[in-house]
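The values are calculated or read from the model by the stated rules, or taken from the named source; none is laboratory data. Everything numeric here is computed off the predicted structure, so don't read it as measured data. Methodologically, a virtual Cβ is constructed for each residue, glycine included, from the backbone with ideal geometry; neighbour enumeration extends over all protein chains shown. Keep in mind that these areas ignore ligands, DNA and RNA; they rest on the heavy atoms of the full protein, side chains included. Shrake-Rupley method; radii C 1.70, N 1.55, O 1.52, S 1.80 Å.
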Amino acid sequence: MIKIPQQAKALIFDLDGTIANTMPNHFMSWRKAVSPYGINFDAALFMQLTGMPRTATIEKLNEMFGTKMNAVAVGKVKEAHFKTLVNLTEEIEVVTDVIRKYHTILPMSIGTGSTKKGAKKTLEIIKMQNYFEIVITADDILKHKPHPETFLKCAELMGVNPKDCVVFEDGILGMNAAEEAGMMVIDVNDYFKIGFAV
C-alpha cells in the first residue's frame, strides 16, 4: 500500500498512467499516428511528452523533428486508434486501493491532461466515476502541465491549501507541475511499472 504523508489534507490524482493503465494504449496510438511522418516514437520520447494535451504534443513533435503535421488530422488518427483499445483499460490497483481507502476521509480530485469526454470514459471503464466530484481536464484550463494550473485549480475547488495536497503522478511534466504548485508528490512509477509493447 502506498503510504501518504501524515500532513496530507487532500489527494490529487493524475488519470492516465496513474489511476488507469491507459499508457500502453496511448503509446501504440501515438506510434500509429506519427510513424507515417518518419518519427521514431519510442518509449523514452513518449514518457518525455506524457501529460500534454494532444494538440500540444503534436506541436512539440513538429518542433523537435521539423515536421509539419496537421494537429487536427494527426490528432484524429491518434484518437480513433485509441478508441479501439480503450475498453481494454484496467485500473492501477496500487493507486485505486488508496482512492478506496481515503474516499470520504480526505477530499480527492483528478487533474489530467485528457479531455473531459476522454476522462469520463476512462473513469467509467475502470468503474471509478463515483469517487470524484472534481475532475479538472485540458478543457478546464488555459495552461497545461508542466504549468501548475491544473493542480492549483483542484486545490482551490477542494478548498485546501496547495502545500497540504499530495499529487499522484506518473509523468515528468505532471511532477514538475505539482512541485511548481508547492505540493507533495508521489511518483507512481516507484510502485507500478508500465510495460510498452513496441
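Every residue in the range 85-116 that is modelled with pLDDT under 95 and assigned to a helix (DSSP H, G or I), please. LEU85, VAL86, ASN87, LEU88 - these are the residues of the range 85-116 that are modelled with pLDDT under 95 and assigned to a helix (DSSP H, G or I). Using the structure shown, decide if ILE99 is over 20 Å from GLN7 (Cα atoms), buried (at least 17 other Cβ atoms within 10 Å of the Cβ) and β-branched (Val, Ile, Thr). Spelling it out, it is not the case that ILE99 is over 20 Å from GLN7 (Cα atoms), buried (at least 17 other Cβ atoms within 10 Å of the Cβ) and β-branched (Val, Ile, Thr).
Scan the range 71-89 and tell me whether some residue there is touching a strand residue (DSSP E or B) at 6+ places or on another chain (Cβ under 8 Å), open to solvent by less than 70 Å² (accessible area, probe 1.4 Å) and within 21 Å of GLY17 (Cα to Cα). Show your work before the answer.
Pass one, the range 71-89, residues touching a strand residue (DSSP E or B) at 6+ places or on another chain (Cβ under 8 Å): 89.
After this cut, where a residue has to be open to solvent by less than 70 Å² (accessible area, probe 1.4 Å) as well, the list is 89.
Subset that is within 21 Å of GLY17 (Cα to Cα): 89.
Within the range 71-89, one or more residues are touching a strand residue (DSSP E or B) at 6+ places or on another chain (Cβ under 8 Å), open to solvent by less than 70 Å² (accessible area, probe 1.4 Å) and within 21 Å of GLY17 (Cα to Cα).
Cβ-Cβ contacts under 6 Å between residues 6 or more apart (or on different chains), taken from a first residue in the range 36-51 that is more than 24 Å from THR115 (Cα to Cα) and touching a residue at least 12 places away in the same chain (Cβ under 8 Å) to a second residue that is open to solvent by less than 70 Å² (accessible area, probe 1.4 Å) and aliphatic (A, V, I, L, M), are listed as TYR37/MET69. Applying the criterion of being touching a His at 6+ places or on another chain (Cβ under 9 Å) and part of a helix (DSSP H, G or I) to the residues of the range 14-29, the residue that is farthest from GLY113 (Cα to Cα) is MET28.
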